1. Please find, among Lys145, Lys73, Lys69, the residue that is farther than 28 Å from Thr27 by Cα, in a helix (DSSP H, G or I) and among the basic types (Lys, Arg).
2. So which of Asn107, Asn94, Asn188, Asn146 is surrounded by fewer than 16 Cβ atoms within 10 Å (Cβ to Cβ), polar (S, T, N, Q), out of contact with any Phe, Trp or Tyr (no Cβ under 8 Å at 6 or more places or on another chain) and more than 29 Å from Gln61 (Cβ to Cβ)?
3. Which residues, counting only those in region 16-42, are surrounded by 14 or more Cβ atoms within 10 Å (Cβ to Cβ) and at pLDDT below 85?
4. Can you go through Ile80, Ile13 and tell me which one is closer than 21 Å to Thr95 by Cα and surrounded by 16 or more Cβ atoms within 10 Å (Cβ to Cβ)?
5. When both residues are 6+ apart or on different chains and their Cβ atoms are under 7 Å apart, which pairs have a first residue that lies in region 110-123 and is modelled with pLDDT under 85, and a second that is of a type in the set (Lys, Arg)?
6. If I filter region 77-93 for residues that are under 19 Å from Arg12 (Cα atoms) and at pLDDT below 85, do I get at least one hit?
7. Asp141 is checked against (1) in contact (Cβ under 8 Å) with a residue 24 or more places away in the chain; (2) surrounded by 15 or more Cβ atoms within 10 Å (Cβ to Cβ); (3) closer than 30 Å to Ile53 by Cα; (4) of a type outside the set (Ser, Thr, Tyr) and fails just one. What number does that condition carry?
8. In the same structural domain as Thr8 (by TED's automatic domain parsing) and without any contact (Cβ under 8 Å) to a residue 60 or more places away in the chain: is that true of Tyr88 in this structure?
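The values are calculated or read from the model by the stated rules, or taken from the named source; none is laboratory data. Predicted, not measured: the structure shown is a model, and the values here were computed from it. So basically every Cβ, Gly included, is an ideal-geometry build from the backbone, and we count neighbours across all protein chains shown.
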Amino acid sequence: MIDLTAYTVNKRIPKKSFGQPLNNISTITWLYKLHSDNSQDFKTSDNIFEIEIFKVEYKDQKVRVSDLKIIQKKIADKPILFLCSGKYYILFQNTMLKTNKELIVKNKLVVNKVNSNLTTFYESILKCFLNTSYTKEQHLDDAIKNDINISKKQKRIATLKAKITKEKQANKRLEMALLVNKIQKELNELIANIK
């Protein structure tokens, strides 16, 4: 757990500074800037020098990942943890990861500080976004990619099942049911390979 009070920025950022229209966003606030300069919490890292935490408030409370990617692209060299409508988002290899876990409680970042360097701390943050179990033998990139694949397959199965219930033609229902079985089998194999 990291006390964020020493890293507080709490500065509003104008939407115009991102060069593209962000019409659905009401405010963007730069909450925290985690860095190794004069810090007792973190040592200097080879890859990551800062981790920034932004709060993005939407007019209609509907989070648009494309807006978050625009913000991340403008601040390309620093990982950004986004807080939007009570959920947390972070970009990983052009995929926006989301978690409902509470990561910031009373100015404290609830993430295990495994090592006091920003790169390993960033990896600890990424682990909070995993929905499946993560083994130490597995590389973090692979674990996140597996997690994304599992999530996509689960959504695809749910979508197909909803279509099956609405479909009137028996042959199309059968075709979709076979596809559900195929995707379910792939999903089961993917989950079995993780364990």
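1. Working: Lys73 fails: farther than 28 Å from Thr27 by Cα; Lys69 fails: farther than 28 Å from Thr27 by Cα.
Only one candidate passes the filter, namely Lys145.
2. On the way: Asn107 fails: more than 29 Å from Gln61 (Cβ to Cβ); Asn94 fails: more than 29 Å from Gln61 (Cβ to Cβ); Asn146 fails: surrounded by fewer than 16 Cβ atoms within 10 Å (Cβ to Cβ).
Every option except Asn188 fails the conditions.
3. Of everything in region 16-42, those that are surrounded by 14 or more Cβ atoms within 10 Å (Cβ to Cβ) and at pLDDT below 85 turn out to be His35, Ser36, Ser39, Asp41, Phe42.
4. Working: Ile13 fails: closer than 21 Å to Thr95 by Cα.
On inspection, the qualifying residue turns out to be Ile80.
5. Pairs found: Ser116/Lys43; Asn117/Lys43; Phe121/Lys113.
6. Scanning region 77-93 turns up at least one residue that is under 19 Å from Arg12 (Cα atoms) and at pLDDT below 85.
7. Against the list (1) in contact (Cβ under 8 Å) with a residue 24 or more places away in the chain; (2) surrounded by 15 or more Cβ atoms within 10 Å (Cβ to Cβ); (3) closer than 30 Å to Ile53 by Cα; (4) of a type outside the set (Ser, Thr, Tyr), Asp141 comes up short only on (2).
8. Numbers: in the same structural domain as Thr8 (by TED's automatic domain parsing): yes; without any contact (Cβ under 8 Å) to a residue 60 or more places away in the chain: yes.
The answer is yes for Tyr88.
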